[in-house]
1. Rounded if a/c is under 1.5, else prolate if a/b beats b/c, else oblate: with a ≥ b ≥ c from the C-alpha gyration tensor eigenvalues square-rooted, which is the range C:69-214?
2. Charges at C-beta only: +1 for Lys and Arg, -1 for Asp and Glu. How large is the resulting dipole of chain C about its Cα centre, in Debye rounded to 20?
3. Output the direction-averaged projected area (hull surface divided by four) of the convex hull of the alpha-carbon atoms of the protein assembly as shown, in nm².
4. For residue B:39 and residue A:169, what does the FRET efficiency come to when R0 = 45 Å and r is the distance between their Cβ atoms, rounded to the nearest 0.05?
5. Report the percentage of all Cα-Cα pairs in the range C:54-118 whose separation exceeds 15 Å, rounded to a whole percent.
6. For every other residue with a beta carbon closer than 9 angstrom to the beta carbon of residue A:137, add +1 if it is Lys or Arg and -1 if Asp or Glu, then tell me the sum.
7. From the label point of residue B:233, set 7 Å from Cα along Cα→Cβ, how far away are the matching label points in the other copies, in nm, ordered shortest to longest?
8. Using a label point 7 Å beyond Cα on the Cα-Cβ vector, give me the inter-copy distances for residue C:26 in nanometres, one decimal, shortest first.
Amino acid sequence: MKKFLNSPDTVIDDALAGIAAAHPGLAVDTRQRIITRARPTRPGRVALVSGGGSGHEPLHGGFVGTGMLDAACPGEVFTSPVPDQVLAAATAVDSGAGVVLVVKNYTGDVMNFEMAAELAEEEGVRTATVLVDDDVAVRDSTFTAGRRGTGATLFVEKIAGALAEQGGDLQAVADIGRRVNAASRSFAVALTACTTPASGRPGFDLADDEIEVGIGIHGEPGRSREKLLPARDLADLTVRTVLEDLPLSSEDPAIVMLNGMGGTPLLELYLLFGEVAARLSERGVTIARSLVGNYVTSLDMAGASLTVCRADDRMLELWDAPVSTPALRWGL
Amino acid sequence: MKKFLNSPDTVIDDALAGIAAAHPGLAVDTRQRIITRARPTRPGRVALVSGGGSGHEPLHGGFVGTGMLDAACPGEVFTSPVPDQVLAAATAVDSGAGVVLVVKNYTGDVMNFEMAAELAEEEGVRTATVLVDDDVAVRDSTFTAGRRGTGATLFVEKIAGALAEQGGDLQAVADIGRRVNAASRSFAVALTACTTPASGRPGFDLADDEIEVGIGIHGEPGRSREKLLPARDLADLTVRTVLEDLPLSSEDPAIVMLNGMGGTPLLELYLLFGEVAARLSERGVTIARSLVGNYVTSLDMAGASLTVCRADDRMLELWDAPVSTPALRWGL
Amino acid sequence: MDSVTIDLARAWMRAAAESMDEHAEELTRLDAAIGDGDHGSNMRRGFSAVAGKLADTDFPSVGSVLTLSGRTLISTVGGASGPLYGTVLRSAGKRLTGSTASPGELLDALRDGMEAVRGLGGAQVRDKTMVDALAPALAAYSAALEDGADLGAAVGAAARAAGEGAQATVPMTARKGRASYLGERSRGHQDPGAASTALLFAALASVVGAPDVR
Amino acid sequence: MDSVTIDLARAWMRAAAESMDEHAEELTRLDAAIGDGDHGSNMRRGFSAVAGKLADTDFPSVGSVLTLSGRTLISTVGGASGPLYGTVLRSAGKRLTGSTASPGELLDALRDGMEAVRGLGGAQVRDKTMVDALAPALAAYSAALEDGADLGAAVGAAARAAGEGAQATVPMTARKGRASYLGERSRGHQDPGAASTALLFAALASVVGAPDVR
Ligand SMILES: Nc1ncnc2c1ncn2[C@@H]1O[C@H](COP(=O)(O)OP(=O)(O)O)[C@@H](O)[C@H]1O
Ligand SMILES: Nc1ncnc2c1ncn2[C@@H]1O[C@H](COP(=O)(O)OP(=O)(O)O)[C@@H](O)[C@H]1O
Ligand SMILES: [Mg+2]
Ligand SMILES: [Mg+2]
Ligand SMILES: [Mg+2]
Ligand SMILES: [Mg+2]
C-alpha cells in the first residue's frame, strides 16, 4: 500500500488537521470530530447535518458551508460515525429550529444516527431524518439491507440545504430532501478496487481486462464482474440501468452527476460524460444541470458513478441557489 | 491499461465533447480544438490564452471563465498544441487589446507557442508571453532545458486573469504574470507512475515501498528514487526543498497549493496538507491563501506537488478577485 | 468456578480485547471479501477502549461491567458492529445487578442481549450475521446447563457452538448488512461478525477455564 | 538513379509514414523511458497526415514536397518533434526549387535543415537529441559523395550512420529536451528523436534502392 499516511490509526485525525488548515471558513473540532461552519447558525434557521464513514471526500466535510450542510461528522474510514459525534454535531448547530439528519442507507449509519437522534430529542433538539437510498445496483427487498445511499446524497444536501438557507422549516426541509432522494437513482462501475489504510491491500482482485459492475462506495465487489468495455458501451450500460428504474420524459429536467470514485482522472470523467450525455440525449432526456468530478468517492478506486435526479422546477431553483462550500460553490 | 476510453486516438475529441456537454458557460470548438468562454471578450480587454498537452485536467480548460483564461488549447496527451491551434485561440479571443500567452517551459510548448505568436503578429494580434518555470526539481542550467512549468501555472493564470478582467493592459498583465512566476516554486513526489492511453502501460515501475522524488507532470521519472516515507517526512522534504529555493520571511504572505497528480484521493491530500501546513508554520511561513485538490494533474498518477508563491499585497488582492471557471470559483 | 464474579466479567472483556487485537487482520480480511474491510479495526478499536475504561472504573455489579463495555463500544466503534455489540452487552448487563451471577442468570442475560440485537438489526437465523454464532452458542449453553454442566463446561459448549455457527455461515447467502448487497456472491465467505462473536465466546471460555477451547 | 525526382521525394515521405507507423510503439517506449511516452504517436500522427496531403497535391518541385510535409508536421504533431522535424523539412525544401535535385543539392538542402534545427532547438552534437543522428548521417553522405558514390550508395551510408548515431546516444547524458530533466538517469537509453531520424534516413535509403540497409 502506498498512500500519504502517517499511520492507519491516525488517518482521520491527521486529515482533519489538514481540513482545518485548508479551510478557514470551517470550524474543525478535532476532539469531537465534527466539522461545522465557522459562523453559528442564524437563530430560527433549520440546520443540516450529515456524516458517514470517511473515504468519500469531499463528501461530507467538503459540503459544509452556506447553502448546504451546517455540520459533518466523519467516522473512521468506511465506518459510520458514533452516536456521540452525531449528537455533538446536532447540538452544535441547532438554533432551536431543529436539525435535519441526512443519512445514507447502511445498517451502521442508520443505527448510529437513530441512536443519536434519540439522544438529541432527549436533549431537546428536534430532528428529522432523510434516508438516502439511490443505488439501483441493490434491489430493495427482504433479501438485502435495502438500496445503498450514494451519489444522491450530494443532491439531497444541496437542495435541502438551499431550502434551509431560505428559511424552510424542519418538515419542509426534510420533505424536499426525501423528494429529491425518491427522484434520484445511481449506478456505478469500478475499474480497480480501493485499498483501505487499515487493510493495506485492494478489496478484490481484477484482471487487466475486468471491471466490477454495480459497485457501492465502500470498496465491496459489485453485482457482477464483466469484461472492460469501451466508454461508449459503459455509458450505455449505466444510462440504461438508471433509466430502467427512473423513467424520464423529455419534459423532466434532469440533474445529472458523473462522479469519479477518487482514482479516476478528470480527463477520463469528461470523456465518459460525453458518452453519457450522448446516450441520455438519444433516449430523449434533457440534461438541465450537470456535475462532472470527484464528489462521492471511494478512496483511491478507479471508477465512476452516474446519478440522475428527475427534478422539478422547485428542485432546479434550489439547485441553482447560492452555495459556498469547499467542494461546491456557485452564485456567491 | 484500464481507462474510460473509446480508443487512444480519439481521447481528446471525446473528452472535448464531454467538456462541451458539462459546461454550458464554455464554447468548445472541437474542430480547431479550442475552449473559449461562451461570451466574446469585452472590447479593449486583454485576453489570456494558455494550453499545453492534455492529461493535466482541469488545467487548462477548467480554468477558462470570468477572471481567469479566455481560451485554452489542449494538445494531445502530454503533447503541446500545434501553432495553428494557439493561433486560432488567440484570434478568437483578441478584442484588439492583445493576448497574453501563458506557456509552461517545455521545449515543445515554447517552440509551438513561439511559432503561433509569430503567426499572430502577422495577423495583427499583439501577444506577450509569460513563461512558467517553477519546478525546483530541475536545475536551470546549460545542462537542462531549464526548470519545468508546473503548479505555478495556476497561480499565474488566476492572478494575471484577474488583472486582465480589471482592465490591465497587455504589458501590465504579462508583467504581473511574470512576477508571480518569479515568486513561485514547486516540488513533487510520485507514489505511482501514470499510464498514457497511447502507451498503455505505466511510464516506470516502482516497488511497493518506493517513490519517485522530484517528478514533473508528464509521467517521467523524477530526480531520484527513494523509500516511501510517512506523510510528515514527505511534507518535510517537500517544504524544505521548496523553501531552499524560495526564502520566505514571516511577513511574506504565502499562497500555497497542495496539488494531487490525478490518482490521489482528497483524503490523502488533506492529510498531507496538514503536515505541510505544520512544517511551514514551524519554519515561520504564514499561509495567506491555500488550495488543496487535483488542479494540475498527470493523468492517473498517485502523487502530490507543493507550490508556494511568495505573494505581495497586490497579488493577494488579485488572487481574491472573483473567478468563475469550472475548476476554480469564488466571489461570484 | 460456579458463578460469574465482577472480576470474571472484567477478565472476560480484557480477554476479548486481546483476542480482537490478535485477530484484527483476520476479521478485516473476512470483511474485505464481502463487506468493506473494517470489521477488524472496528473491534480492535472498540474493545481496546473498553479495556481502557475497565482499568479505571469500580464496578458495583457484574452487569455494570457489561453495560459500561456496551456503552463504550457504542461510543467508539461506529459502523454496524458498534451499535449491535454495544446493544448485546448493554442489554445483557441490565439484568445482572448482583455482585455475582449464576450460570443460569448469565444465560438469561445473554438471551436478552440476543433479543435486543434481533430487535435492532432485524436479523433472523441464517441471514449470515453475528446472530448465526450467537444463537447456537446460547442454545448449546442452555442445553449444557440442562444436562447438569457447570459454568466452565457450559461456556465451553457455547464457545464451540459459536465457532461452528460462524463456520456454518460460509455457504449462506447474506440477507442483512453490507454482505447482502452481494447476493449470491456472498456465498463461500465466513461472516466477519459471526467470527468475532465466536472470539467473544472463546474469550469467555478462556477466562472461566473451560476445557479444550481452541 | 542519379537524381532526386518529385516522385522520389513523395515516395520518401510515404515510406517514412509507413515506417513511423510500424515503429510507433518502439519510439513511444523509448520516449517513455526518458521522456513522456508520446514520440511514437507524435511521429505516426504527423507522417500519416503528411501521407494524406501527398495524395491529393500536385507538386511543382522536389522542395515543395518537403516544404508541405514540414508544414503539415508543424500543424499536426505539436510537442518538440513537430516544430523540429517540420523545420528540418521546410528548410531543406526551400533550396530544391527544381523538378529534380542532384545528390549534392540534396546534401546542401539537408544541411540547411540541420542548421535550422540547431538554430531552433539549440542542441549541440552529444546533447542526446535527433541532431546526434542527423549530423553523422550528413557527414557520411558528404564523405560518400566525395569518394564518388552515387545517390544510392551515399544515402545508404547516411542511413547506416544515422542508425549508428542513434545507437550512440544510449550512453549520453541528455542536455536538451525532456530527457535533460533526468540528468544522469537519462544514460542507458536511446534518444527517441535520434531513433526516428534514423528511420527517416532508412526510409530514404529504401526508396533510392540503397544497398544493404537494415
Ligand atoms: N442487521 C444486522 N443484524 C445483525 N448483525 C448484523 C447486521 N448487519 C450487520 N451485522 C453484522 O455486522 C458485521 C459487520 O460489522 P462491521 O464490518 O464492523 O460494520 P459495517 O458493516 O458497518 O462495516 C457483519 O459481519 C454482521 O455480522
Ligand atoms: N532542443 C532540441 N533540439 C533538438 N532535438 C530535440 C530538442 N528537444 C527535443 N528534441 C528531440 O525531440 C525528441 C522528443 O520528441 P517528442 O517526444 O515527440 O516531443 P516532446 O518531448 O515534446 O514530448 C527527443 O527525443 C529529441 O530527439
Ligand atoms: Mg464499515
Ligand atoms: Mg510530449
Ligand atoms: Mg465492515
Ligand atoms: Mg515525448
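1. Working: a/c = 2.05, a/b = 1.36, b/c = 1.51.
Verdict is oblate for the range C:69-214.
2. Values: 21 positive and 25 negative charges, 142 e Å.
The dipole magnitude comes to about 680 debye.
3. Details: hull surface 177.9 nm².
Projected area, direction-averaged: 44.5 nm².
4. Details: r = 40 Å, r/R0 = 0.89.
With a Förster radius of 45 Å, E is 0.65.
5. Working: 997 of 2080 pairs.
Everything past 15 Å amounts to 48 percent.
6. Details: positive: A:139, A:147, A:148, A:223; negative: A:135.
After counting each charged neighbour, the total is +3.
7. From this label point to the equivalent ones elsewhere in the assembly: 4.6 nm.
8. In ascending order, 5.6 nm.
Any read-out appearing in this document is the output of simple, stated calculations on the displayed coordinates, not a laboratory observation. Predicted model, so just to flag it, every value in this text is computed and none were measured. Cβ sites come from the backbone with ideal geometry, for glycine too, and all protein chains shown count toward neighbours.
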